[in-house]
1. Inspect all residues belonging to the range 119-128 and state whether any of them is in the same structural domain as Ile214 (by TED's automatic domain parsing), under 18 Å from the mean Cα position of the chain (by Cα) and within 30 Å of Glu236 (Cα to Cα).
2. Is there a residue being at pLDDT 85 or above, of a type outside the set (Phe, Trp, Tyr) and in a helix (DSSP H, G or I) anywhere in the range 156-166?
3. Take the residues in the range 150-178 that are within 19 Å of Ser95 (Cα to Cα) and touching a Phe, Trp or Tyr at 6+ places or on another chain (Cβ under 6 Å), then tell me which one is surrounded by the fewest Cβ atoms within 10 Å (Cβ to Cβ).
4. Can you spot a residue in the range 159-179 that is without any contact (Cβ under 8 Å) to a residue 60 or more places away in the chain and under 18 Å from the mean Cα position of the chain (by Cα)?
5. Here is a list: Asn42, Asn20. Which entry is farther than 24 Å from Gly127 by Cβ, of a type outside the set (D, E, K, R) and either under 35 Å from the mean Cα position of the chain (by Cα) or at pLDDT 70 or above (or both)?
Amino acid sequence: MRMFMTQAFPLNVNGVRYKNLQDRQSDQQEYLKVFQYKILDNLKADYTDKDGFSTTMFSQDIMEKMINEEVEKDTSFAALSILFVLGYLIYHLKSLVLGLVGISLILFSFSLTAFISQGIFQSTYYGTLHSLIIFIVLGIAADDIFVIVDAWKQSIFVQECEGKVNLRMAYAFRRAARGTAVTSSTTAIAFLANAFSPMMPIKSFGIYAAIIVIVNFFLIILVFPPLLIWYDRKLEGKWCCCSADKEVLPGANQEEPQMGKIDKFFGETWNNMVFKLRWVIVAVFFIWTVIAIIFAA
């Protein structure tokens, strides 16, 4: 059984008669929205799954309410995601300080992005899509942190940088900044493409997401280099910072540091046959990709 409930404007409620639809339009819409919510709650309380009979109610306002409720449930997992990323940062960086600073920069980027998007670009809308950007930003920012920290650790094996912290950081910064700039810019542009959407929520989300990706890039690439130098001089090797033993520079009166498993994997030839036929393999996959695109189109 289906029943339609028609509603008309202007409203006449609680002794207040509005002149037309434009007369305090937001008040009329809010009253109508609350009225629908009350009907929905009564239906759920009195008739849902009662004697094999269930009821439901649908409208634009009800749909938005249901979507917001689901998004709120999903965003409740954001805290678990933040804790997971924090734990993995600490594990991978082997430092409680670097992990805490990294997650703090990620969280600080939201307030800075809000200032830029709302204060400068006057994009004040904040919808359900905006809340979900935290899951994307956690991954992007964590990758940027891993890139610059790994570049700093690998710089110790560069002979030209031996014993010179400034040259080590210059090498690490150039290597990390280029890679993270490319990935961050392409991601930001992909989000910014939504700015051409005729739908305002999607347009606002695209602008917000592009800004927060760029903000994260600059925060990490500007804060982490001096932080790594300070950490290497002051805290490396301290047990309270959950750090491994302090790395020593080649040429010192101690055993030289060993390359990690990932560094060794990419620093050596994995398979001689694959290496010899690498261009043939690339050509075959390129042809296969073109054929797949043609058939998909």
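1. No: the range 119-128 contains no residue that is in the same structural domain as Ile214 (by TED's automatic domain parsing), under 18 Å from the mean Cα position of the chain (by Cα) and within 30 Å of Glu236 (Cα to Cα).
2. Just the residues of the range 156-166 that are at pLDDT 85 or above, to begin with: none.
Checking the range 156-166: not a single residue is at pLDDT 85 or above, of a type outside the set (Phe, Trp, Tyr) and in a helix (DSSP H, G or I).
3. For the range 150-178, the residue satisfying everything is Ser155.
4. yes
5. Working: Asn20 fails: either under 35 Å from the mean Cα position of the chain (by Cα) or at pLDDT 70 or above (or both).
Being farther than 24 Å from Gly127 by Cβ, of a type outside the set (D, E, K, R) and either under 35 Å from the mean Cα position of the chain (by Cα) or at pLDDT 70 or above (or both) holds for just one of Asn42, Asn20, which is Asn42.
The values are calculated or read from the model by the stated rules, or taken from the named source; none is laboratory data. Treat the numbers as computed from the prediction; the structure is a model and nothing was measured. Backbone-built Cβ (ideal geometry, glycine too); neighbour counts: all protein chains shown.
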